[in-house]
Amino acid sequence: MPADPHSSPALRASDADRDRVIELLHAALADGRLNSVEFDERLDAALVARTVDALAPLTVDLITVPGGDGALTPPLAGTPAEPPAELLTIKERHGSVRRDGRWTLPHRLALRTAWCDVMLDLTNAVRSAPELVIELRVNGGNVELVLAPGMVVDANELSVRHSVAAIGRDAGDNTPETLHVRLAGRIRHGRIATRWPGTHR
């Protein structure tokens, strides 16, 4: 029997599509919108999803798009993956944390980790305010901030003990300031570093 000429084939999901959904699920777990059981169930479904239609229900209650139908079209089209939050809290013990790609920066980011490797890549992040405050309570492990030219770091409120701090203020290329990153809190028995890809200090 011939296929219906008016029907459209399901749009196949790419690795990038699945990664965006997984990033949203991690953010929802971190800020309490999902519990660990819900997160595990949705993560498993995202990893095996083959179409965008299969991915959409996993985040339909986590993304608010005015006038939208809850589908994943806005994040896949390159718009912010989530509305800006006042506070985003990341908690992890004895694991790793990675945020990169196009993600919406909160006004404040609280990092609560112990013996973890943390990489926060802000180079393609959507900026919701002229300043981002990162409040650290880190015991052990490594924290790396990957920044774009124009992002300036202020670490005057950060307490570092029994740790290594390799924190630069800016990219050193005289780019006008576009985002002020203020580090506060404390790091113990770890390492924190900043870097700007493609620049030479």
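Scanning region 111-121 for residues that are under 13 Å from the mean Cα position of the chain (by Cα) and buried (at least 19 other Cβ atoms within 10 Å of the Cβ), we see that the one that is nearest to residue 176 (Cα to Cα) is 120.
Any idea which residue in region 83-103 is nearest to the chain's Cα centre (by Cα), counting only those that are assigned to a strand (DSSP E or B) and within 14 Å of residue 134 (Cα to Cα)?
Of all residues in region 83-103, those assigned to a strand (DSSP E or B) come to 87-93, 96-99.
Filter again for within 14 Å of residue 134 (Cα to Cα), leaving 87-91, 99.
Working: 87: 13, 88: 10, 89: 11, 90: 10, 91: 13, 99: 4 Å.
In this case the residue turns out to be 99.
Which of the residues belonging to region 161-188 are small (Gly, Ala, Ser), within 13 Å of residue 151 (Cβ to Cβ) and assigned to a strand (DSSP E or B)? Talk me through it step by step, then tell me what you get.
The first filter runs over region 161-188 and keeps only residues small (Gly, Ala, Ser), leaving 163, 165-166, 168, 171-172, 184-185.
Within this subset, residues satisfying the condition of being within 13 Å of residue 151 (Cβ to Cβ) are 168, 171-172.
None; the set is empty.
All conditions but one from (1) surrounded by 15 or more Cβ atoms within 10 Å (Cβ to Cβ); (2) at pLDDT 80 or above apply to residue 72; the one that does not is (2).
Among the residues in region 151-158, are any touching a residue at least 40 places away in the same chain (Cβ under 8 Å), hydrophobic (A, V, I, L, M, F, W, C) and outside the structural domain of residue 30 (by TED's automatic domain parsing)?
Let us first name the residues in region 151-158 that are touching a residue at least 40 places away in the same chain (Cβ under 8 Å), namely 151, 153.
Going one step further and asking which of them are hydrophobic (A, V, I, L, M, F, W, C), we end up with 151, 153.
Subsequent filtering for residues that are outside the structural domain of residue 30 (by TED's automatic domain parsing) retains 151, 153.
Checked region 151-158: at least one residue is touching a residue at least 40 places away in the same chain (Cβ under 8 Å), hydrophobic (A, V, I, L, M, F, W, C) and outside the structural domain of residue 30 (by TED's automatic domain parsing).
Specify the residue that is surrounded by the fewest Cβ atoms within 10 Å (Cβ to Cβ); the eligible residues are those in region 128-150 that are among the small types (Gly, Ala, Ser) and assigned to a strand (DSSP E or B).
Here the residue is 140.
The number of residues in region 151-166 that are under 25 Å from residue 128 (Cβ atoms) and exposed (fewer than 15 other Cβ atoms within 10 Å of the Cβ) comes to 2.
The values are calculated or read from the model by the stated rules, or taken from the named source; none is laboratory data. Just so it is clear, the structure is predicted and the values come from calculations on it, not from any experiment. Using ideal geometry, Cβ is built from the backbone for each residue, glycine included, and neighbour counts are taken over all protein chains shown.
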